[in-house]
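Bear in mind that the values in this text are calculations on the coordinates, not laboratory data. These figures come from a predicted structure and were not determined experimentally. Cβ coordinates were reconstructed from backbone atoms using ideal geometry, including for glycine residues, and neighbour counts include every protein chain displayed.
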Amino acid sequence: MNIAVCVNHVPDTAAKVKVSEDHSGIDTAGAAWILNPYDEFAIEEALKIKEKTGGTVYVLSFGPAENNETIRKALGMGADEGIRIKPGTAADSLNVARALAAQITALDCKLVFTGKQSVDYDNGIVGQLLAELLGYNCVSVAVALQIDGTSVVAEREIEGGREVIQTTLPAVITAQKGLNEPRYASLKGIMAAKKKVIQEVEAVTMDPVVVTQSFESPAPKTAGKILGTDVQAVPELIKAIHEEMKLV
Amino acid sequence: MYKGLDYYSFDSLLSEDEKLVRELVYDFVQADVLPIIEEHNRQGRFPFELVQKMGELNLFGANLPARYGCAELNSVAYGLIMQELERGDSGIRSFVSVQSGLVMYPIFTFGSDEQKEKWLPLLASGEAIGCFGLTEPDFGSNPGGLVTKAEKVTGGYKLNGAKMWITNGTIADIAIVWAKLDGVIHGFIVEKGVKGYSAPEMKGKHSLRASVTSELVFEDVFIPDSNLLPNSRGLKCALMCLNQARYGIAWGVTGAMIACYQAALDYSLSRKQFSKPIGGYQITQQKLVYMLTEITKAQALNIQMGRLKDAGQLRFQQVSLAKRNNCEVALNIARMSREVLGANGILDEYPVMRHAANLESVKTYEGTHEMHTLILGEDITGLPAFDN
Ligand SMILES: Cc1cc2nc3c(=O)[nH]c(=O)nc-3n(C[C@H](O)[C@H](O)[C@H](O)COP(=O)(O)OP(=O)(O)OC[C@H]3O[C@@H](n4cnc5c(N)ncnc54)[C@H](O)[C@@H]3O)c2cc1C
Ligand SMILES: Cc1cc2nc3c(=O)[nH]c(=O)nc-3n(C[C@H](O)[C@H](O)[C@H](O)COP(=O)(O)OP(=O)(O)OC[C@H]3O[C@@H](n4cnc5c(N)ncnc54)[C@H](O)[C@@H]3O)c2cc1C
């Protein structure tokens, strides 16, 4: 079976992010870039399935040449082929999904993994959009997965328990932390990945449905006010809610 | 996510895969070494449980050919492995240095095809551990004088003598032992468990506590003909091995420097005395700037040294310069970092005192600071200062 894993190259959120001077995006100078953490679970799951049932794992990433770093990391973990989709003009989540879907169709992948969300824009929708565009079933935010022939049993974490979902291939699974323990690449894996050629393809471009007007940093937090530490403070708090904050 | 120190954009000189190698080892050290190292250091124990994992990651003999199960990396990637391991602990780096540079390298370089086929894959996976026995109780800086002796007997050799200060000795499955045969130094493979061979551990170290250091004792040990390294002849061959290991040390101690610098910088920003963080006082800043500058210089040396090595143009004297310089400044940085941390600097809650203690060994082994001075002194004046 051909398996597709969609991976994104994202700024490390452990570092401080600054809005660019013209407010059109973030200031990427000096930012460190990583493989989207949720996508590591997606890669691991694909590799586990390949090890069990055979097949080819394709790593797809939509983005500039820097995304090759992230593709190579996935190849070093054991993925077979890397494909980078060069962005056209505007790239909202729908256009990212359209570009990915076109490749997935061309590669005839019946099983697709994404992360549950990408820590750059945090929309958490590319996987679901893909399923819709491809006409595949979809389980989002999966924490356990069992595939047997074309039968798919997946678990999702819901409030107070776990939901077990049964569906069939073809399917898109979006991976949540806990799905597995991502492996390290090995040095041999990295060297083997080095020899692989990352295929580069052009994106299909369409008008984006989401256009970003501008980026703003959140207003700096102002200092809080402590009215008291026990029940005595309650009347004053109620007064403040009504009169100062005008919340009710 | 890799976090290093790169004040001069040396990362722009690294290839994608060199960076991936570095990140892989960094992740391993963060996840598997740092959480356990202080306890092992305290107990004076080598973390044996890491060997298999390091084998799976292909950290052993990483610059040797893939046909022996190795990763076949270039020298810069090899150096980066050492740097990241020693950011964790010099003892862990020493283990990998010995296995790679002092055991796998001589088998690869001086061994027979049979020896290579037999031992290199086992050493690459970590199924076999090796050690390197050159130093003797009475011959440290002057290994040419060594007295361990091999005599020809039917079907092999009879080995007598003793080695001291041998990293991995007690836990090694094979020892590469340097002994004189008819007055000429040769390398022999001595296998664990053969009659007359023992390797007691040396105790009481204040340094490299998470590394095993041993004596090797040979009493009429029979070595079959097939265990002589056929192409090893003369002290030069042993020194060629040391040159590999010294190369790794120059990179390795740079990792220890980065760890100490980062500990000092973090602490200086959080510790307040008088009116502000101690990082705001000029004397602290001077220390931090010294560290930053010396690390940056060491990084410049390392990368150029690595590129020269890959081009086949690296002279052993250049390796001496880097080993000598980097060990000295690493020790200075560790001590300075300890000062910046004040009393906390002596606690094993922070890594700096462990690094400082480790680096005392690293400055001494693989040729002391003084020996490298003499090597360089001879190189530039043409006048050897050693006596014969
Ligand atoms: C060149 C470029 C230009 C952009 N321009 C704009 C812009 O003008 N306006 C705007 O709003 N945003 C823009 N983006 C951001 C882009 O929309 C997001 O990076 C992308 O949609 C992922 O964020 P998300 O929150 O939608 O993903 P999510 O839906 O949170 O991601 C879920 C999963 O989808 C997969 N995935 C997400 N993105 C990719 C990808 N790029 N390649 C492969 N798999 C992926 C991953 O598996 C991920 O875990 C741009 C991005 C790029 C690379
Ligand atoms: C933890 C540890 C692990 C080690 N692991 C190994 C190993 O795996 N295999 C191995 O073979 N060896 C190993 N060694 C040994 C190490 O290589 C030697 O300790 C080193 O070469 C120095 O020898 P020495 O200790 O006998 O010192 P000496 O040679 O006795 O030197 C003592 C001092 O005198 C100085 N000195 C000596 N000669 C001169 C001179 N001509 N001019 C000026 N100064 C001089 C030295 O620089 C030094 O300061 C290890 C050592 C340590 C501490």
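Once you average over the residues of A:189-195, how many Cβ atoms of partner chains fall within 10 Å of each Cβ?
What the average comes to for A:189-195 is 6.
Give the Debye-formula value of log10 I(q)/I(0) at each listed q (0.15, 0.16, 0.22 Å⁻¹), with one equal scatterer per alpha carbon of region B:10-125, two decimals each.
Treating every Cα as an identical point scatterer, log10 I(q)/I(0) equals -0.66, -0.74, -1.21.
Can you give the direction-averaged projected area of the convex hull of the alpha-carbon atoms in chain A, in nm²?
Numbers: hull surface 72.8 nm².
Here the figure is 18.2 nm², rounded to one decimal.
Just how large is the dipole of region A:105-206 about the Cα centre, in debye to the nearest 20, putting +1 at every Lys and Arg Cβ and -1 at every Asp and Glu Cβ? Kindly include the intermediate steps, with their values, before the conclusion.
On the way: 10 positive and 12 negative charges, 119 e Å.
So the magnitude is around 580 debye.
Would you pull out the residues with amide H under 5 Å of B:R45's amide H, same chain only if 5 or more places away, H placed 1.01 Å from N?
Those qualifying (amide H under 5 Å, at least 5 residues apart or on another chain) number zero.
For the pair B:S275/B:L374, report the inter-label distance in nm, with labels modelled 7 Å from Cα in the Cβ direction.
With each label point 7 Å from Cα toward Cβ, the separation is 5.5 nm.
5 Å is the cut-off here: which amide hydrogens, built 1.01 Å from N in the peptide plane, fall below it relative to A:N2, excluding neighbours closer than 5 in sequence?
Long-range HN contacts for A:N2: A:T56, A:K110.
Taking chain B as a Gaussian network, Cα atoms linked when under 10 Å apart, which of B:I295, B:I283, B:I223 shows the biggest mean-square fluctuation?
B:I283
Could you point to the residue in B:S15, B:N231, B:L181 farthest towards the positive end of chain B's charge dipole, with +1 and -1 charges on the Cβ of Lys/Arg and Asp/Glu respectively?
B:S15
Where is the GNM fluctuation largest for chain B (alpha-carbon springs, 10 angstrom cutoff): B:G69, B:G193, B:G55?
Result: B:G193 has the largest fluctuation of those listed.
Would you mind getting the Kirkwood hydrodynamic radius of region B:236-381 from its Cα pairs, rounded to one decimal in Å?
Details: mean 1/r = 0.0623 Å⁻¹.
16.1 Å is the Kirkwood radius here.
Could you grab the relative contact order for chain A? Cα pairs under 8 Å, six or more apart, rounded to a whole percent.
That works out to 24 percent.
Check which residues have an amide H placed less than 5 Å from A:A144's amide H, if you skip close sequence neighbours.
HN-HN under 5 Å from A:A144: A:E155.
Between beta-carbons, use under 15 Å as the cut-off and find the net charge around A:P220, counting Lys and Arg +1, Asp and Glu -1.
So the surrounding residues net to +2.
Between region A:195-248 and region B:297-366, what's the alpha-carbon centroid distance in Å?
Taking the Cα centre of region B:297-366 as reference, the centre of region A:195-248 is 46 Å away.
Rg/Rh for chain B to two decimals, with Rh computed the Kirkwood way over all alpha-carbon pairs.
Result for chain B is an Rg/Rh of 0.98.
Give me the mean projected area, in nm² to one decimal, of the convex hull enclosing the Cα positions of region B:160-244.
Averaged projected hull area, Cα only: 6.2 nm².
Please give me, ordered by residue number, the GluC sites (Glu not before Pro) of region A:147-248 that lie in loop per DSSP and have at most 15 other Cβ atoms within 10 Å.
Passing both the DSSP loop test and the Cβ count: A:E159, A:E216.
Could you work out which residue, out of A:Q213, A:Q103, A:Q128, moves most in a Gaussian network model of chain A, that is, has the largest mean-square fluctuation with Cα springs under 10 Å?
Comparing A:Q213, A:Q103, A:Q128 in the GNM, the peak value goes to A:Q213.
For region B:236-381, give the magnitude of the charge dipole about the Cα centre (Cβ charges: +1 Lys/Arg, -1 Asp/Glu; no others), in debye to the nearest 20.
Numbers: 16 positive and 12 negative charges, 48 e Å.
Approximately 220 debye in magnitude.
How big is D, in µm² s⁻¹, for the protein assembly as shown by Stokes-Einstein at 25 °C and 0.890 mPa s if Rh is the Kirkwood radius over C-alpha pairs?
For these conditions, the coefficient is 89 µm²/s.
Positive end of the dipole of region B:220-272, charges at C-beta (+1 Lys, Arg; -1 Asp, Glu), about the Cα centre: which of B:A250, B:L265, B:M240 has its Cα farthest in that direction?
With unit charges placed on the Cβ atoms, the residue in question is B:L265.
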